[in-house]
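Each value in this text was obtained by applying a stated rule to the coordinates, not by laboratory testing. Worth saying up front: this structure is predicted, and the values here are computed from it rather than measured. Because the Cβ atoms are built from the backbone with ideal geometry, glycine has one as well, and the counts that use them run over all protein chains shown.
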Amino acid sequence: MKTTAVFPGSFDPVTKGHLDVINRARLIFDRVIVLVLSNVDKRLLFSLDERVNMVSITVNELSNVSVDRYDGLLVEYIRSVNNAVIIKGIRSISDFQYEFEMASVNKMLDKQVETIFLPSYEGNRHISSSLVKHLLHYDGDISWLVSDKIKDMVKNKISKDYKV
Ligand code: PNS
C-alpha cells in the first residue's frame, strides 16, 4: 500500500517551519502533497497563484513532494486521493487546541479521514507566516524564516502591497 500525506495550509507565505514538516513527512510517507487552500477565517496577503508558486519553488528539489491547490472542503480533497492522511505541524499548546478541533471537525465530516500531528522542535517553534509579515513591515531580517529561493518575492510583495 502506497501512503500519501496531504499537508494542507494557507501558506501565506510558506516558511522554513512548513518546510521542516514537509521534509520530515517525506521520510515517513511515500509521497507528500502540499495542498494550498483558502482560509475563510484569515485575511490573506498573497493570492492563491502566488502562494502556490512560492510553495512550488520552495519544494522543487524534493523528489516525492508535489504541490496542489483546492477550493473546497479538505475532506473532499482527501477522498479524491488514495490512502491519504492529513499531516499537521504543532508548534505549541495553542496550535494543538486549534488543530485538535480541526481534526475533530474533519472526522465528523468524514469518518475515514485521519490526521497525524508532527511536533515542531526548538528552532522552528516561533516561526510563522504572520511573523514573516510582521518583521518585514519593520524591515526586519526574515532569512531565518523563509527559504532563500522566495525571500525576494516575499520582500517585494510586502514593500508594494502591505506597508502603509
Ligand atoms: O495554514 P492555515 O491557515 O492554518 O490552514 C488552515 C486550513 C486552510 C488547512 C483550513 O482552514 C482548511 O482546512 N480549510 C479548508 C476548508 C475546510 O475543510 N474546513 C473544515 C475544516 S475546519
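Observations on the structure shown:
- With respect to the chain, whose longest principal axis is taken over its alpha-carbon atoms, helix 93-109 is tilted by about 40°.
- If you run the Gaussian network model on the chain, springs between alpha carbon atoms under 10 Å, then out of I78, I87, I116 the most flexible one is I116.
- Cα gyration tensor, segment 79-123 - rounded (a/c under 1.5), prolate or oblate: oblate
- Between I57, I150, I33, the GNM of the chain built on Cα springs shorter than 10 angstrom shows I57 fluctuating the most.
- For T3, nonlocal amide neighbours, meaning residues 5 or more places apart or on other chains whose placed amide H falls under 5 Å from its own, are D30, R31.
- Per-residue ³J(HN,Hα) for segment 42-57, Karplus 6.51 cos²θ - 1.76 cosθ + 1.60, θ = phi - 60°, Hz, x for Gly and Pro: 10, 8, 8, 7, 8, 6, 4, 4, 5, 5, 4, 4, 5, 5, 4, 5
- The Cα-based radius of gyration and maximum Cα-Cα distance (Dmax) for segment 1-68 are 11.8, 39 Å.
- Exposure proxy ranking for E76, E114, based on other Cβ atoms within 10 angstrom of each Cβ and starting from the fewest, stands as E76, E114.
- Residue-averaged 222 nm ellipticity for the chain, from DSSP H runs of 4+ at -39500 (n - 2.57), nearest 500: -13500 deg cm²/dmol
- Each other residue within a Cβ distance under 10 Å of L35 adds +1 if Lys or Arg and -1 if Asp or Glu, for a net charge of 0.
- In this Cβ point-charge picture (+1 for Lys and Arg, -1 for Asp and Glu), the chain has a dipole of about 60 debye about its Cα centre.
- Extreme residue, positive dipole direction of segment 1-155, given options S128, V59, G140 (C-beta unit charges): V59
- For the chain, the longest principal axis of the C-alpha atoms and the axis of helix 148-161 are separated by about 60°.
- Positive minus negative residues near I116 (Lys, Arg vs Asp, Glu; Cβ under 13 Å): +1
- Value in Å of the Kirkwood radius, where the chain supplies the Cα pairs that are averaged: 16.3
- Cα-Cα P(r), segment 80-164, percent of pairs per 5 Å interval: 3, 12, 18, 15, 12, 14, 14, 8, 3, 0
- Highest-MSF residue in the chain out of V40, V132, V14 [GNM, Cα springs under 10 Å]: V40
- Sequence-distant residues sharing a close amide H with E114 (under 5 Å, placed H): I86
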